[in-house]
Amino acid sequence: MAEVEETLKRIQSQKGVQGIIIINAEGIPIKSTLDNSSTVQYAGLLHQLVMKTRSTVRDLDPQNDLTFLRVRSKKNEIMIAPDKDYFLIVIQNPSD
Amino acid sequence: MRKYYISFCKDEDDGTEMGDGTDEWMQRKTLIKPPDQLDLTEAELKEEFTRILTANNPHAPENIVRYSFKELLYQRTGSIDQLATHFMLEGNLLHQDSDEARRQKARQGYPEGMVVLLLLLLFVFPQQAEVEEVMEEGGSEDRSDSVQHKGGKPEQKQTNQFNFIERGSKTLNNPLRQMGCQTEPPPRANFSATANQWVIYDAYVEELQKQENNKEKQRASMKKEEGKSKKKTMLSDDITKFRKVTKIVERMVIQNTFDDIAQDFKYFEDASDEFRQQEGTLLPLWKFQYDKVKGLAVTSLCWNQRYKDLFGVGLGSYDFTKQGHGMLLFYSLKNSTFPEYFYTTSSGIMCLDIHPNLSHLVAVGFYNGCVAVYNLKEKSIQPLYTSTAMSGMLTQPVWQVKWQKDDMDNNHNFFSVSSDGRVVSWTLVKNEMVFTDIVKLAVGDSVTGGLEGLQLPNPACGTSFDFHKEVDYLFLVGTEEGKIYKCSKAYSSQFLDTYDGHHMAVDAVRWNHFHPKVFISCSADWTIKIWDHTVRTPMFTFDLNSAVGDVAWSPYSSTVFAAVTTDGKVHVFDLNINKYEAICHQPVVAKKTKLTHIEFHPVYPIIIVGDDRGCVTSLKLSPNLRKKPKEKKRQELPEGPEVEIAKMEKLLNLLQDPDNSSLG
């Protein structure tokens, strides 16, 4: 448990990382380093995106599964790593 | 008119005069034309109009349209009834042969008789008896009205139309009650899902697993308990589930942060190498540092054969006076900020080796003479096996360990060499390590059997060893005195050969990956020497102006090797290009940092160097440093170790010829 906490701390301390959000399978945020409104917004929107992506990947080959998803935009990059019951979202600005 | 009228009345009284009067009235009739009458011409008046008399009813409708529900459209009724009824009267005459008439006749026969009797009785005997009879008759009449009881009556008597009494009676009606009952509706929930291909697949997989679990439960009950305990540990902490996911995300974030390095690692090729024919450069890539290892020096490096991005770092101290704890770290190239695995040890680690096949087994040699085997798959920080004072712990630091092939019992075993002059083989048997002395090193060239008991030969301190790549039993040992011994596993006390290599301790000996005869050695006396094991003198000698910490052959070419020195430089040699000088020497770390070890990556063109600050730097080799031989321009580049061997042979031959010529 401490290991995971440490890892999360390290991620947060990497340069350019704006926030980390952990959401459960229903899209409800469990843990977040951002403010409430942003968290809720990110959680709601990204949850749908990940479900859709996962469905696509698995539809093409049911033995396959989504490992991670990166969405790179002009201002930052959103990285999502899904698990069976949780999603971990990290927002980073790589050029900082 | 008046006059005329009166005459008319008079005419009424007299019949004959009436006729005349009518004639007069008729004669005096004047035609009165209505004002809107049509004026027709004579011809038109004479026109004849034919009138046909038909049987059609002029009042009957001509077209009746009815909606048919069978065909669902409006349909015209075909033939229309043309019958027009002007007058109808229902009569009450019956034909005497009809059923009804017959019935009436039958009935009339009886009451006729009764009526006759009644009349007779009434007139002749007006007494009570008569009345009784009448009553009786009346009663019987009544009875006959209701029920046919007298035999001989063929038909039931119908209701008497004249003397009929209808009497109704009302039964007791039960009071009506309405009772309803309402059940509780079953709980309902709305459910919607999409049946994708993967949902179906998942369902099947789950079903399969359930079946398998059932089978296992049936087999053993012991396994059930173990399974339960495992499940308990898994559910205990929610956040431990994140471990894998956080790892992935961390790597993603780091990939972004160190994006340029990752790109360089994969794709960068120094273009300026085309201009420098004889030289190459080293491009610094990642730097691996860990806070807790400050003060420790990197004492050994080892790449993992199976997972190409994982390598192990052993940390300890070369300083005799400062001996403290040690650390074993495993880094991945994907994450340069934090090690994947780390273990703290009580004594400094001097050497490590990762098993070539089972990449989770790591053999470690300590400064205090212990050896241990760690299992990376287990999360405990304790090693799997440790050698203790009882099980043959060496008294001197263990300088090198190397895994060997599994022995005949399929037990893993590894060799170690230490300063007390023993080369020991350790076998992992079940839960413990069993050691066997292989060779005892001595100062003298050979130790005869007879002298063993009398003289205690001074043990030479082995500092490094290496096993031949192909010939399993052959190995080389380098010592602190500078001698290199060629030994065999079969002979425990005798060496096959001795080479007077260096003046100071031999830091590393390595066989060439391709050529079976060539090996290289480096020492603190600032030199690197390349040998052919059949010849007692070195083939090549290189002086590097500084103590050489480590030397390594490259895995891709038989003529390229690299060395690190204590002045912080890396020297890369390619004998094919330049037999006398390094084609690259480059300071890699800050001044005053000594480089201690170097390792080539088996696949990628990178090297890792460890220094005495506990930091590992990775460098990319520029193309000049990794040249492969070109046979002819038109032929394809030949692959394979044979070419490498041939290359080396050529060099050796060249060397031997001038030697021979010089001798001769």
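Quick notes on this structure:
- Selection from segment B:191-206 of residues that are in a helix (DSSP H, G or I), farther than 16 Å from residue A:64 by Cβ and of a type outside the set (D, E, K, R): B:203
- Tally, over segment B:398-412, of residues that are touching a Ser or Thr at 6+ places or on another chain (Cβ under 7 Å) and at pLDDT 80 or above: 4
- Of the residues examined, residue B:516 is one that is open to solvent by 10 Å² or more (accessible area, probe 1.4 Å), at pLDDT below 85 and within 49 Å of the chain's Cα centre (by Cα).
- Contact map, segment B:295-307: residues that are under 17 Å from residue B:333 (Cα atoms) paired with residues that are of a type in the set (Phe, Trp, Tyr) and open to solvent by 10 Å² or more (accessible area, probe 1.4 Å), Cβ distance under 9 Å, separation 6+ or inter-chain. Pairs shown: B:303/B:600.
- Just so you know, in segment A:51-71 the residues that are open to solvent by 60 Å² or more (accessible area, probe 1.4 Å) and more than 13 Å from the chain's Cα centre (by Cα) include one that is farthest from the other protein chains (Cβ to nearest Cβ), and it is A:52.
- Of all positions in segment B:260-273, at least one carries a residue that is part of a helix (DSSP H, G or I), closer than 30 Å to residue A:86 by Cα and within 14 Å of another protein chain (Cβ to nearest Cβ).
- Flag: residue A:15 matches the condition of being in contact (Cβ under 8 Å) with a residue 12 or more places away in the chain, basic (Lys, Arg), at the interface with another protein chain (Cβ under 9 Å from one of its Cβ atoms) and out of contact with any strand residue (DSSP E or B) (no Cβ under 8 Å at 6 or more places or on another chain).
- Count - residues of segment B:302-343 that are aliphatic (A, V, I, L, M) and surrounded by fewer than 20 Cβ atoms within 10 Å (Cβ to Cβ): 0
- Residue A:79 meets all of the listed conditions (1) surrounded by fewer than 18 Cβ atoms within 10 Å (Cβ to Cβ); (2) within 9 Å of another protein chain (Cβ to nearest Cβ); (3) in a strand (DSSP E or B) but one, namely (1).
- Residue within segment B:532-546 that is outside any loop (DSSP other than H, G, I, E, B), within 23 Å of residue B:312 (Cβ to Cβ) and open to solvent by less than 10 Å² (accessible area, probe 1.4 Å) present: no
Rundown of residues vs (1) away from every other protein chain (no Cβ under 14 Å); (2) in a helix (DSSP H, G or I); (3) surrounded by 14 or more Cβ atoms within 10 Å (Cβ to Cβ); (4) at pLDDT 90 or above, yes/no style:
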site: A:5; (1), (2), (3), (4): no, yes, no, no
site: A:9; (1), (2), (3), (4): no, yes, no, no
site: A:21; (1), (2), (3), (4): no, no, yes, yes
site: A:26; (1), (2), (3), (4): yes, no, no, no
site: A:31; (1), (2), (3), (4): no, no, yes, no
site: A:34; (1), (2), (3), (4): yes, no, yes, yes
site: A:38; (1), (2), (3), (4): yes, yes, yes, yes
site: A:42; (1), (2), (3), (4): yes, yes, yes, yes
site: A:47; (1), (2), (3), (4): yes, yes, yes, yes
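- Test: residue in segment B:158-178 that is open to solvent by 100 Å² or more (accessible area, probe 1.4 Å), of a type outside the set (Phe, Trp, Tyr) and modelled with pLDDT under 50: no
- For residue B:231, the conditions (1) at pLDDT 75 or above; (2) more than 14 Å from chain A (Cβ to nearest Cβ); (3) within 28 Å of the chain's Cα centre (by Cα) all hold with the exception of (1).
- Scope segment B:344-362; condition part of a strand (DSSP E or B) and surrounded by fewer than 20 Cβ atoms within 10 Å (Cβ to Cβ); matching residues: B:344
- Condition broken by residue B:557, with the remaining ones in (1) at pLDDT below 85; (2) of a type outside the set (Val, Ile, Thr); (3) open to solvent by 10 Å² or more (accessible area, probe 1.4 Å); (4) closer than 26 Å to residue B:608 by Cβ satisfied: (3)
The values are calculated or read from the model by the stated rules, or taken from the named source; none is laboratory data. From a predicted model like this one, the values you see are computed outputs, not experimental measurements. Every residue, glycine among them, receives a Cβ derived from its backbone with ideal geometry; neighbour counts consider all protein chains shown. Surface accessibility is based on the protein's heavy atoms, side chains included, excluding ligands, DNA and RNA. Shrake-Rupley method; radii C 1.70, N 1.55, O 1.52, S 1.80 Å.
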